[in-house]
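None of the figures in this text is laboratory data; all of them are computed from the coordinates on show. Model, not experiment: these values are computed from the prediction.
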Amino acid sequence: MKFQYSEKKVKLPGNVHAYAEKKVMKLARFFEEDAEALIVFSVEKNQNNVELTVHGAGTWFRARESTSDMFASIDAAVGTIEGQIRKNKTRLARRLRQDAFTRAVEETSFTPEENEDDLSLVRVKQFYFNPMTREEAMLQMNLLEHTFFAFRDEDNDGAFAVVYRRNDGGFGLIEDVE
């Protein structure tokens, strides 16, 4: 597993990075060796925040935890991602490593400016949209904790589509019609 670290408004000693790496390596058994982990550390209002993003097997997992202790935030973020994997293990089984669930011994959200008249872009992201089923797109959206997810719909000959979470808790689909 490859690691990247980012620190916002805080300078941490190396032992925090080493601890984070050790804890995140517990997730390595779910992924192939080319998985990547991005760990963002920050401190706001006496809260130690950890945002952990793991990309592996064509799937993104994200957890954001905040506690009064950086080590506890790391533990909680790793636990959250492990929980996401276990909760969705039947859906993820074909994407993750084949022996991922056998017992062994041991994307930034867009926020508009305050001034509604200002229509300038704040951030631009570029993605390759993988073909996937609608169910896989909803799963990916939930794992990222986003309210929408754009993808190429396998059920509609690879047409561009967006799934989104409705205010009533259900899901919606926006399809491209030609």
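For F171, which sequence-distant residues (separation of 5 or more, or a different chain) have an amide H within less than 5 Å of its own amide H, given hydrogens modelled in the peptide plane?
R166
Out of residues 5 or more away from A159 or on other chains, whose amide H comes under 5 Å of its own, with H placed 1.01 Å from N in the peptide plane?
The list, which skips near neighbours in sequence, is D153.
What are the ³J(HN,Hα) values, in whole Hz, obtained from phi via the Karplus relation 6.51 cos²θ - 1.76 cosθ + 1.60 with θ = phi - 60°, for each residue of region 69-78 in sequence order, with x given for Gly and Pro?
Couplings: 10, 4, 5, 5, 5, 4, 4, 5, 5, 5 Hz.
Convert each backbone phi in region 151-162 into a coupling constant with the Karplus relation 6.51 cos²θ - 1.76 cosθ + 1.60 (shift: θ = phi - 60°), then list the ³J(HN,Hα) values in order as whole Hz, x for Gly and Pro.
7, 9, 7, 4, 6, 10, 6, x, 5, 5, 8, 9
With θ set to phi - 60° and the Karplus curve 6.51 cos²θ - 1.76 cosθ + 1.60, what are the ³J(HN,Hα) couplings of region 33-43 in order, to the nearest whole Hz, using x for Gly and Pro?
5, 8, 5, 10, 10, 10, 10, 10, 9, 8, 10
Calculate log10 I(q)/I(0) of region 1-96 for q = 0.13, 0.18, 0.24 Å⁻¹, where I(q) comes from the Debye formula with a single equal point scatterer on each Cα and nothing for solvent.
-0.41, -0.76, -1.24
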